[in-house]
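The block underneath contains the structure these notes are about, expressed in structure tokens.
The values are calculated or read from the model by the stated rules, or taken from the named source; none is laboratory data. Keep in mind that this is a model prediction, so the values were computed, not measured. Backbone-built Cβ (ideal geometry, glycine too); neighbour counts: all protein chains shown. Only protein heavy atoms, including side chains, enter the accessible area calculation; ligands, DNA and RNA are left aside. Shrake-Rupley method; radii C 1.70, N 1.55, O 1.52, S 1.80 Å.
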Amino acid sequence: MAALEEVWRSDFPLIADSDIVYLDNAASAQKPRRVLEALDTYYRTTNANVHRGVHKLSERATTQFEAARERVARFIGASDPASVIWTRGTTEAINLVALAFAPTVLHESSNVVISVMEHHSNIVPWQQACLASGAELRAIELTASGELDLDDAAAKIDANTAIIAIGHASNALGTVNPLEHLKGLAKGAYLVVDGAQGAPHLPVDVEAMDCDFYAFSGHKMYGPTGIGVLYGRPDLLRAMPPWQTGGEMIEHVSIKRSSFADLPHKFEAGTPDISGAIGLGAAVDYFDSFPLAAIDAHEQNLLSAATSGLQQIEGVEIIGTARNKVPVVSFTMQGAHPHDVGTLLDQQNVAVRTGHHCAMPLMESLGIPGTIRASFSLYNSTADVDRLIAAVQKARTFL
Ligand SMILES: *Cc1c(COP(=O)(O)O)cnc(C)c1O
């Protein structure tokens with residue numbers, strides 16, 4: 001394990017040559033050299049618009065752009081690459097579903113079920129879809145350990161539930177959600193998974209999971225910012241109207257009417273983030289070149305070391321103690337505001353996130369203004385955990 005740990009660290013230039021202990025991976029992960037090189041090579045050797053030109057550069061750009069789509073499709077177990085739609089990230093992907101799909105299934109007597117732990121980008125789009133359609137928005141409550149209350153889930157999901165929109169894992173607590181169980185309760189409801197924290201840590205097989213939509217962001221799984229993915233069941237995507245219109249997404253345009261392109265282009269109006277898609281393809285290549293079990297064992301080891309180290313500090317309380325967690329540890333410190341703790345950690349070159357983590361309803365349900373959150377990636381080490389614990393101990397003496 002130690003050998004692989006060293007390789008991982010050395011693959012990330014910003015981390016390898018820095019004294020910064022980067023523990024804000026749930027917000028955005030660092031990029032391996034392979035991704036940086038893919039971006040650089042694309043702009044140096046290929047740069048041109050896709051799907052349009054007859055010239056060599058455009059053809060090459062198109063080939064690489066579509067190869068990245070195929071790569072991502074393989075990574076998430078989607079047998080049809082056309083079911084992979086490029087978006088700006090998870091937020092845009094969920095908005096696409098809420099704006100183009102939800103109106104086709106929501107009406108005044110239907111409901112949408114989310115949970116109290118959702119990220120704002122898996123709450124607000126559904127609020128808007130419910131406001132527009134008259135459907136009801138319901139949120140599954142949590143247990144004391146920060147897991148979904150499955151009795152409450154069984155009560156809230158009923159025959160009128162049209163959509164269940166749930167995080168694969170929580171960015172604020174780390175909790176991994178039982179998607180299969182929810183699917184079992186669904187009685188015909190469509191399952192939309194916010195995979196922003198799932199794709200970087202958990203096995204993703206959209207067909208085996210039997211989800212209807214799966215959204216994730218490139219930048220949280222070692223890829224560039226500005227690119228993300230919406231997987232959609234091909235029959236659903238085909239039946240949905242487009243959500244943005246313009247170039248690239250059409251088949252034929254006249255002044256009065258237009259017909260639309262086939263999947264996936266129907267949902268990709270305008271010039272896409274070509275280098276971003278190619279960069280994400282490189283990130284998937286990188287991530288997928290290691291056994292997920294090895295990454296998971298390493299990250300879980302860091303999580304448990306951090307958790308037990310923090311637990312031993314007086315006044316520290318771990319928020320979110322689910323049995324099954326991605327490597328995220330949220331905590332509070334008695335008598336101290338999370339922001340002040342974060343600032344003292346930053347002074348010691350330990351980068352964490354503080355606040356509500358885009359999950360204000362969750363914080364409200366916990367009765368706290370926010371937490372301090374350390375989140376790990378494959379390039380983190382047990383030395384990073386030691387630095388975190390020492391920095392929190394030191395911060396405590398100041399507060
Ligand atoms: C980060 C995150 C999002 C939003 O992702 P963007 O890349 O900002 O669009 C949504 N859900 C969860 C669980 C996240 O962690």
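Explain nothing, just compute: Karplus ³J(HN,Hα) = 6.51 cos²θ - 1.76 cosθ + 1.60, θ = phi - 60°, for every residue of segment 374-380 in order, whole Hz, x for Gly and Pro.
Coupling constants for segment 374-380: 10, 10, 10, 10, 4, 7, 6 Hz.
Considering the options Val193, Asn111, Pro242, tell which one lies farthest towards the positive end of the dipole of segment 46-288, charges being +1 on Lys and Arg and -1 on Asp and Glu at the Cβ, about the Cα centre.
Pro242
If Lys and Arg each add +1 and Asp and Glu each add -1, what is the summed charge of the other residues whose beta carbon sits under 13 Å from the beta carbon of Leu23?
Net charge in that neighbourhood comes out at -2.
With θ set to phi - 60° and the Karplus curve 6.51 cos²θ - 1.76 cosθ + 1.60, what are the ³J(HN,Hα) couplings of segment 309-326 in order, to the nearest whole Hz, using x for Gly and Pro?
3J(HN,Hα) across segment 309-326, in whole Hz: x, 5, 4, 7, 8, 4, x, 8, 10, 7, 9, x, 10, 4, 5, 10, 10, 6.
Based on Cβ point charges of +1 for Lys and Arg and -1 for Asp and Glu, what charge dipole magnitude is obtained for the chain about its Cα centre, in debye rounded to the nearest 20?
Approximately 820 debye in magnitude.
On alpha carbon coordinates alone, what is the Rg over Rh value for segment 1-120, Rh being the Kirkwood radius?
1.07
Divide by every residue of the chain the summed helix terms, -39500 (n - 2.57) for each DSSP H run of at least 4, and state the resulting mean residue ellipticity at 222 nm, rounded to the nearest 500 deg cm²/dmol.
-12000 deg cm²/dmol
Counting DSSP beta bridges in the chain, what percent are antiparallel, to the nearest 5?
60
If you take every residue apart from Tyr214 with its C-beta less than 13 Å away from the C-beta of Tyr214, what net charge results, scoring Lys and Arg +1 and Asp and Glu -1?
Local charge sum for Tyr214: -3.
With a 1.4 Å probe and all protein chains left in place, how much accessible area per residue does the chain have, in Å²?
Result: 42 Å² of accessible area for each residue.
Based on the alpha-carbon set only, what is the convex hull volume of segment 129-185 divided per residue, in Å³?
Residue-normalised Cα hull volume stands at 92 Å³.
Pairs of Cα atoms under 8 Å, at least six residues apart: use those to get the relative contact order of the chain, whole percent.
23
Near the amide H of Ala139, under 5 Å away, which other amide H atoms are found, from residues 5 or more places off or on another chain, if H is placed in the peptide plane?
It is Ile114, by chain and number.
Could you work out the Rg to Rh ratio of segment 287-399, with Rh taken as the Kirkwood radius (inverse of the mean 1/r over all Cα pairs)?
Result for segment 287-399 is an Rg/Rh of 0.97.
Going by Cα centres, segment 1-70 and segment 238-283 are how many Å apart?
23
Near the amide H of Ile163, under 5 Å away, which other amide H atoms are found, from residues 5 or more places off or on another chain, if H is placed in the peptide plane?
Result for Ile163 returns Asn111, Val113, Tyr190.
Using only Cα atoms, figure out Rg for segment 46-288 and give it as a multiple of 2.2 N^0.38 Å.
Compactness ratio reported: 1.02.
Classify segment 100-170 from the C-alpha gyration tensor, please: rounded if a/c falls under 1.5, else prolate or oblate depending on whether a/b exceeds b/c.
oblate
Residue by residue through segment 245-259, what is 3J(HN,Hα) from phi via Karplus (6.51 cos²θ - 1.76 cosθ + 1.60, θ = phi - 60°)? Round to whole Hz and write x for glycine and proline.
10, x, x, 6, 9, 9, 9, 8, 10, 10, 4, 8, 9, 9, 10
Using the charge dipole of the chain (Lys, Arg: +1 at Cβ; Asp, Glu: -1 at Cβ; taken about the Cα centre), state which of Ile20, Val50, His337 has its Cα farthest towards the positive end.
Selected residue: Val50.
Near Lys220, which lysines are there with a Cα under 24 Å away, not counting those fewer than 8 places off in the same chain?
Lys31, Lys325
Out of the GluC sites (Glu not before Pro) in segment 303-384, which ones are loop residues according to DSSP with at most 16 other C-beta atoms within 10 Å?
Here the GluC sites (Glu not before Pro) that fit, given the DSSP loop and packing criteria, are Glu314.
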